[in-house]
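Rule-based calculations on the coordinates, nothing more; no lab input. Nothing here was measured: the structure is a model prediction, and the numbers come from that model. Heads up, the Cβs are rebuilt from the backbone with ideal geometry, glycines too, and the neighbour counts pull from every protein chain shown.
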Amino acid sequence: MKDNSNSVTIFNARIIGTFFLLAFLAYGFGRPFFESTNNPVKYLGAFLIIANSVMVLFIGILLRKTLKLYNPLVGNIYLFTRLFEALALLTIFLNGSVSDDLGYFLAMLVLGIGSIPMCLTLLKYKITPSWLAIWGAIGYAVFAFGFLMELFGKEWSMYLLGLGGLWEVTFGIWLIVRGSKNNNLLTDA
């Protein structure tokens, strides 16, 4: 959506950016804490994993609002992607461990595949700088390939998730900085 000043509007940009960063941190700390044998630390890890799931769900809900203006199907795919990720990561509690957890592998595979159309929409409609959208599409494709290989018993994901993970951090920062420079990015109209 273009507003009167001819700039692209990303609804709730700063909130989405903050959720990208906080979700990254919540899962990054929550995963090793959850694998602890110390119960208070394990409970903190569980709380952080749950917080991550809530945040990624809200990323999908909030970013869908912008994406659906350009391509409703992509908006819905991205929302489904984040919903699946949130629910699949919660299956970690059923397994009791993060390592070799099918729910985790499936969550990351779906995240990678489902985020590619979102990045291509960002590129096509110039919602973000081209370099950022292209980086995201490539990063998520590599990311998804790594987790697909995990399903076939190849432990490649750790080597292939860096590009996509770094993109999420950069995109989160871009949303926060861009959102703070232009208040139109935060409108709900």
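Rounded to the nearest 20 Debye, what is the dipole magnitude of the chain about its Cα centre when Lys and Arg each give +1 and Asp and Glu each give -1 at the C-beta? Can you show the working numbers first?
Values: 13 positive and 9 negative charges, 144 e Å.
Value, rounded to 20: 700 debye.
Select from region 132-176 those chymotrypsin sites (Phe, Trp or Tyr not before Pro) which occupy a DSSP coil region and have at most 11 other Cβ atoms within 10 Å, ordered by residue number.
Working: sites: TRP135, TYR140, PHE143, PHE145, PHE147, PHE152, TRP156, TYR159, TRP167, PHE171, TRP174; in loops: PHE152, TRP156.
For chymotrypsin sites (Phe, Trp or Tyr not before Pro) across region 132-176 that sit outside H, G, I, E and B with at most 11 neighbouring Cβ atoms in 10 Å, the list reads PHE152.
With equal scatterers on the alpha carbons only and no solvent term, can you work out the Debye log10 of I(q)/I(0) for the chain at 0.11, 0.15 1/Å?
Values, matching the q order: -0.48, -0.86.
Expressed as a rounded percentage, what relative contact order does region 47-96 have, with Cα pairs under 8 Å and six or more residues apart? Present the calculation step by step, with values, prior to reporting the outcome.
Details: 40 pairs, mean separation 22.5, N = 50.
Value for region 47-96: 45 percent.
Express in whole angstrom the spacing between the alpha-carbon centres of region 47-75 and region 117-180.
So the two Cα centres are separated by 15 Å.
For the chain, what does the relative contact order come out to in percent, with C-alpha contacts under 8 Å and a separation of six or more? Write out the running numbers ahead of the final one.
Working: 304 pairs, mean separation 50.3, N = 189.
Once normalised by length, the contact order is 27 percent.
Restricting to lysines 8 or more places apart or on different chains, can you count the pairs in region 13-183 with Cα atoms under 23 Å from each other? All intermediate terms of the calculation are to be shown ahead of the outcome.
Details: LYS65/LYS124; LYS65/LYS126; LYS65/LYS181; LYS68/LYS124; LYS68/LYS126; LYS124/LYS181; LYS126/LYS181.
Taking region 13-183 as the scope, the lysine pair count is 7.
For a footprinting-style exposure proxy, rank SER36, SER130 by other Cβ within 10 Å, fewest first. Present the calculation step by step, with values, prior to reporting the outcome.
Values: SER36 13, SER130 10.
By the 10 Å Cβ count, ascending: SER130, SER36.
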